[in-house]
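Novice: Dumping the structure here so I can ask a few things about it.
The values are calculated or read from the model by the stated rules, or taken from the named source; none is laboratory data. Not measured: the values here are computed from a predicted model. No Cβ is skipped: glycine too gets one built from the backbone with ideal geometry, and neighbour counts run over all protein chains shown.
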Amino acid sequence: MTKKSRSALREQIHAAIRKLPATVDAELAADVALEILVDSAWAFSRDCKRLPPAVMRELLQRKATDSTHIYLTLAVDPDASDAQLAKSWSRAIQGLADLEIINSWHSKQKKEKFQALAHDHHLLPAIQGAAANGENVSNNMLAVLVADGSDESMDALIPHLEHDRLDALRLLQVHARDTPRLRALFAELHREAEKLGSPAQQIARLVGLPEAKQFWFKAMIWSEAPEGRIASVQTHVEVDSRKARWFAVDVARVAGGTIDGHTTFTHDEVHGDTLSIGRCDAPEVPNWLAKVAKKLRVTWGRPFISSNVRGTKREQIARWLVP
């Protein structure tokens, strides 16, 4: 098969991912499914509920590094019969959908889903293993760990106790089981935050802004374009000490009036990178934006800033992002 025909087949598989025939190329279909999984676990839980057994087994037998992929490999036995494989796959996919529930962080629905997963004796070990060994571990997985509060869950949580996740980690408390160990942990996190300031507040210091209990900004940055033309690259950067997802970046390339490529990531997870521009940590945003502009051959215009700070302070944020 030529490279061109193989690429066309990949596109066909992607378009038909919800209803793939048993005769589909299992290796290629697993490639496509894994791309969907790493790009968006929510989309995977919606579109890949009923893959052919051969595709499931191929996906499960691949070397896993992303946390959601590890979760599946731990939750589903590829050596089971087709019927049992389909049953355990369906259960694991439902668990993934519950992890990715889109309700607000403090909502009753989210709390109930996380607590149910914490009490699921089959899926909880898979979440623990994914959090302990995987990359791009989401706050949702960590919330299930604190909802459980067992020694095994605490062991899986420990690698994520990093200063640049202080805001997110403190916000896990709303989902946490009331145990002495977790009470001590959150007390220490709050003391550490008071001493160091949250990661979002550290960005405020980098920008040169005065100390405040809360700091947030949203920046829209468009590439320069002739008058009347749509910017070919559009970027959104958000820093917000009030949110578990305290740092988020979204980049879209526009061509012919439609999105031609997309990259999005948060402080803890890459949600998709079809632009192949990679991610950065929050303090590195200005240098990263300069590298992206060079790679995509664009020049950034002046950022448009909304924030809890006013006037010239917003200008300081804009100048920090795009000097």
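Novice: List the strands (runs of 3 or more DSSP E) inside region 194-313, counting only whole elements, that have at least 2 residues being under 20 Å from Val38 (Cα atoms).
Specialist: It comes to 247-255, 258-266, 270-273.
Novice: Considering only residues that are hydroxyl-bearing (Ser, Thr, Tyr) and farther than 27 Å from Ala282 by Cα, look in region 118-164 and name the one that is surrounded by the fewest Cβ atoms within 10 Å (Cβ to Cβ).
Specialist: Ser150
Novice: Here's something else I'd like to know. Looking at Val251, Val285, can you tell me which residue is in contact with a His (Cβ under 9 Å, 6 or more places away or on another chain) and under 20 Å from Ser223 (Cβ atoms)?
Specialist: Sole residue among the options that is in contact with a His (Cβ under 9 Å, 6 or more places away or on another chain) and under 20 Å from Ser223 (Cβ atoms): Val251.
Novice: Then there is this: Let me confirm something: among Leu51, Leu37, Leu60, Leu20, which residue is closer than 28 Å to Arg170 by Cα, assigned by TED's automatic domain parsing to the domain that holds Ala126 and not hydroxyl-bearing (Ser, Thr, Tyr)?
Specialist: After applying the criteria, what remains is Leu37.
Novice: Could I ask something else about it? Being crowded, with 18+ Cβ neighbours inside 10 Å and not in a helix (DSSP H, G or I) is the filter here, so list the residues in region 20-48 that pass it.
Specialist: Leu20, Val24, Asp25, Cys48
Novice: Please give the number of the condition Lys113 fails out of (1) closer than 23 Å to Arg57 by Cβ; (2) crowded, with 21+ Cβ neighbours inside 10 Å; (3) among the charged types (D, E, K, R).
Specialist: Exception for Lys113: condition (1).
Novice: Within region 273-282, track down each residue that is surrounded by 14 or more Cβ atoms within 10 Å (Cβ to Cβ) and within 22 Å of Phe217 (Cα to Cα).
Specialist: Arg279, Cys280, Ala282, listed by residue number.
Novice: Are any residues in region 233-260 touching a strand residue (DSSP E or B) at 6+ places or on another chain (Cβ under 7 Å) and more than 29 Å from Leu206 (Cβ to Cβ), and if so, which ones?
Specialist: Val254, Ile259, Asp260
Novice: Sticking with this structure for a sec: Sort out which residues of region 47-74 are of a type in the set (Lys, Arg) and over 14 Å from Ala92 (Cβ atoms), and write them in order of number.
Specialist: Those that are of a type in the set (Lys, Arg) and over 14 Å from Ala92 (Cβ atoms): Arg62, Lys63.
Novice: Show the residue pairs meeting these rules: Cβ distance below 8 Å; 6+ apart or different chains; first residue within region 276-294 and closer than 20 Å to Ser232 by Cα; second residue among the polar types (S, T, N, Q) and exposed (fewer than 14 other Cβ atoms within 10 Å of the Cβ).
Specialist: That search, which allows pairs on different chains as well, returns Ala293/Thr299.
Novice: I'm trying to understand the selection: among the residues of region 224-248, which are within 25 Å of the chain's Cα centre (by Cα), at pLDDT 90 or above and of a type outside the set (A, V, I, L, M, F, W, C)?
Specialist: Matches in region 224-248: Ser232, Gln234, Thr235, His236, Glu238, Asp240.
Novice: Out of (1) of a type in the set (S, T, N, Q); (2) outside any helix (DSSP H, G or I); (3) surrounded by 15 or more Cβ atoms within 10 Å (Cβ to Cβ), the odd one out for Ser104 is which?
Specialist: Evaluating Ser104 over (1) of a type in the set (S, T, N, Q); (2) outside any helix (DSSP H, G or I); (3) surrounded by 15 or more Cβ atoms within 10 Å (Cβ to Cβ) leaves (3) as the failure.
Novice: Okay, next question. Just a yes or no: is a residue in region 216-228 of a type in the set (Gly, Ala, Ser), within 25 Å of Gln173 (Cβ to Cβ) and surrounded by 18 or more Cβ atoms within 10 Å (Cβ to Cβ)?
Specialist: Within region 216-228, none of the residues are of a type in the set (Gly, Ala, Ser), within 25 Å of Gln173 (Cβ to Cβ) and surrounded by 18 or more Cβ atoms within 10 Å (Cβ to Cβ).
Novice: Considering only residues that are out of contact with any Lys or Arg (no Cβ under 9 Å at 6 or more places or on another chain), charged (D, E, K, R) and within 22 Å of Val298 (Cβ to Cβ), which ones fall in region 231-279?
Specialist: The answer is Asp250, Arg253, Arg279.
Novice: If you take the residues of region 291-322 that are over 20 Å from Ala248 (Cβ atoms) and either of a type in the set (Lys, Arg) or not assigned by TED's automatic domain parsing to the domain that holds Trp222 (or both), which of them is surrounded by the most Cβ atoms within 10 Å (Cβ to Cβ)?
Specialist: Filtering region 291-322 for residues that are over 20 Å from Ala248 (Cβ atoms) and either of a type in the set (Lys, Arg) or not assigned by TED's automatic domain parsing to the domain that holds Trp222 (or both), the one surrounded by the most Cβ atoms within 10 Å (Cβ to Cβ) comes out as Lys313.
Novice: A further question on this structure: Report yes if some residue within region 49-66 is buried (at least 19 other Cβ atoms within 10 Å of the Cβ) and among the polar types (S, T, N, Q); otherwise report no.
Specialist: No - not one qualifying residue is present in region 49-66.
Novice: Being farther than 27 Å from Ala193 by Cβ, of a type in the set (Gly, Ala, Ser), touching a helix residue (DSSP H, G or I) at 6+ places or on another chain (Cβ under 6 Å) and in contact (Cβ under 8 Å) with a residue 40 or more places away in the chain is the requirement here; does Ala64 meet it?
Specialist: Yes, satisfied.
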